[in-house]
Amino acid sequence: TDPGAFAQSGQWIPVAIGVAIALVVSLTKSTVRPAANVATAGVAAPVLSTVEDVASVALVFVAILVPVLVLVAVLA
C-alpha cells in the first residue's frame, strides 16, 4: 500500500526485468513479422505464428515443471 516501501524493498526489480523482456520480445516480433511477410509474400505468417504458439506452450510447461523438479531434487 505504500509506494515508498515498495520502491525501497527492491520488489520492483523483477517487475522492471519482466517489462524489459516483454518489450524486447514485442519489438523483435514487430520487426521480424513485416520483414518476413514482405520477403515471403505472406507465406511465412502462419509458420511464424505456429512457431510462436509452440514456443509459448513449451515455455509455460517449463515454467511449471522446473519448480516441481527443484522441489523433487530438494526432497531427494
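Residues in region 25-47 that are more than 16 Å from the chain's Cα centre (by Cα) and of a type outside the set (Gly, Ala, Ser): Thr31, Val32, Arg33, Pro34, Asn37, Val38, Thr40, Val43, Pro46, Val47.
For (1) open to solvent by 80 Å² or more (accessible area, probe 1.4 Å); (2) in contact (Cβ under 8 Å) with a residue 12 or more places away in the chain, each residue gets a yes or a no:
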site: Gln11; (1), (2): yes, no
site: Pro14; (1), (2): yes, no
site: Leu23; (1), (2): yes, no
site: Ser26; (1), (2): no, no
site: Val32; (1), (2): no, yes
site: Ala35; (1), (2): no, no
site: Ala44; (1), (2): no, no
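Sub-8 Å Cβ pairs linking a first residue in region 46-66 that is without any contact (Cβ under 8 Å) to a residue 24 or more places away in the chain and within 23 Å of Ala36 (Cα to Cα) to a second residue that is open to solvent by 80 Å² or more (accessible area, probe 1.4 Å) and of a type in the set (Phe, Trp, Tyr), at least 6 apart or interchain, number zero. Of all residues in region 46-76, those satisfying the criterion of being open to solvent by 90 Å² or more (accessible area, probe 1.4 Å) and over 19 Å from Ser26 (Cα atoms) are Phe61, Ile64, Leu65, Leu69, Leu71, Val74, Leu75, Ala76.
The values are calculated or read from the model by the stated rules, or taken from the named source; none is laboratory data. Predicted model, so just to flag it, every value in this text is computed and none were measured. Here the Cβ is made from the backbone with ideal geometry for all residues, glycine too, and neighbour counts use every protein chain on show. In case anyone asks, the SASA skips ligands and DNA or RNA and just uses the protein heavy atoms, side chains included. Shrake-Rupley method; radii C 1.70, N 1.55, O 1.52, S 1.80 Å.
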